[in-house]
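In what follows, a structure is listed as structure tokens, so that the remarks can point back to it.
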Amino acid sequence: MNEVQVVVAHDERATLRVGDVFLKVDADQSRIDVELAAMALAPVPTPDVLWRNPPVLALAAVRGTALGRLGEPSPVSSSAWAAAGAAVRLLHDAPLPSWPGRSLTEDAVGRLDAECDWLMRNNVLPADLVKRNRRIAQRAFRSWAPVFAHGDLQLTHVFVEGDVVTGIIDWSEAGKGDPLYDLAVLTLGHEEHLDDVVAGYGADIDLDVVRAWWSWRSLCAARWLTEHGFDPAAPGAEFDVLRSAK
């Protein structure tokens with residue numbers, strides 16, 4: 001019998017791995033609905049769907065190696081990061097899905113204000129650090145044209161073999177979204193590969209907006225991460241991203 005590996009588990013969802021099968025259990029089946037719809041439409045490699053028996057979705061493992069992990073050096077080449085950028089551009093150029101995105105709340109400004117207030121009120125981070133990143137994050141609030149966005153494009157969600165993207169996973173936040181938010185999430189904590197991703201993406205990118213989304217994401221994720229058993233203060237993680245922001 002294959003060993004059961006807990007990939008992630010908290011009060012909203014859990015993912016288990018049994019051999020080459022991933023079992024996703026989600027308290028909100030609408031997220032699974034979005035995941036299935038997005039994978040069916042996305043013009044990039046996605047996991048094969050084996051079966052669905054609510055609340056469980058079974059997916060086949062994708063080949064290859066993830067681009068990396070937050071706080072650790074990436075194990076793949078610059079050309080692999082460029083290939084990831086090209087795959088993201090292919091997704092963003094695809095026809096828009098029919099449903100709205102879930103990567104950002106409608107009131108991104110209000111969420112930023114609330115999370116910054118929480119961080120300072122609870123002395124989680126120094127007030128001057130929070131205020132500096134709050135100012136940086138404001139650059140993300142501008143006019144933008146929606147694209148077919150992944151919505152949670154963490155580097156652990158993109159797999160490659162050599163310089164070929166073999167799979168992009170975890171589509172439950174997909175929908176209409178800001179293209180630069182996807183690029184920011186992909187490169188969060190790995191600024192050294194931002195140029196590679198942009199080269200593969202093949203379009204003029206406002207890097208200040210990408211960096212603004214780094215600050216926004218790190219500020220707004222801190223409370224959720226803390227409450228769900230993750231550590232934004234780990235080396236190279238969200239708090240270090242905030243400290244290095246300029």
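The values are calculated or read from the model by the stated rules, or taken from the named source; none is laboratory data. Quick caveat: nothing in here was measured; it's all calculated off a predicted structure. Neighbour counts are summed over all protein chains in view; Cβ atoms, including those assigned to glycine, are modelled from backbone coordinates with ideal geometry.
The table below lists the values:
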item	result
Failed criterion for VAL197 (all others in (1) under 17 Å from SER143 (Cα atoms); (2) among the β-branched types (Val, Ile, Thr); (3) not in a loop (DSSP other than H, G, I, E, B) hold)	(1)
Total residues in segment 208-242, condition touching a helix residue (DSSP H, G or I) at 6+ places or on another chain (Cβ under 9 Å), closer than 28 Å to SER79 by Cα and surrounded by fewer than 16 Cβ atoms within 10 Å (Cβ to Cβ)	2
Selection from segment 86-107 of residues that are part of a loop (DSSP other than H, G, I, E, B) and in contact (Cβ under 8 Å) with a residue 40 or more places away in the chain	ASP93, ALA94, PRO95, LEU96, PRO97, TRP99, GLY101, ARG102, SER103, LEU104
Residue check, ASP204 within 17 Å of HIS92 (Cβ to Cβ) and free of Cβ contacts under 8 Å to residues at least 60 places away in the same chain	yes
Residue check, GLY110 out of contact with any Leu (no Cβ under 6 Å at 6 or more places or on another chain), farther than 13 Å from SER172 by Cα and in a loop (DSSP other than H, G, I, E, B)	no
Residue among GLU192, GLU173 that alone is part of a helix (DSSP H, G or I), out of contact with any Cys (no Cβ under 7 Å at 6 or more places or on another chain), surrounded by fewer than 22 Cβ atoms within 10 Å (Cβ to Cβ) and at negative phi	GLU192
All positions within segment 137-151 that are buried (at least 20 other Cβ atoms within 10 Å of the Cβ) and on the phi < 0 side of the Ramachandran plot	ALA137, ALA140, VAL147, PHE148, ALA149, HIS150
Checklist (1) modelled with pLDDT of 95 or more; (2) out of contact with any His (no Cβ under 6 Å at 6 or more places or on another chain); (3) more than 18 Å from GLN29 (Cβ to Cβ) applied to GLY71, failing item	(1)
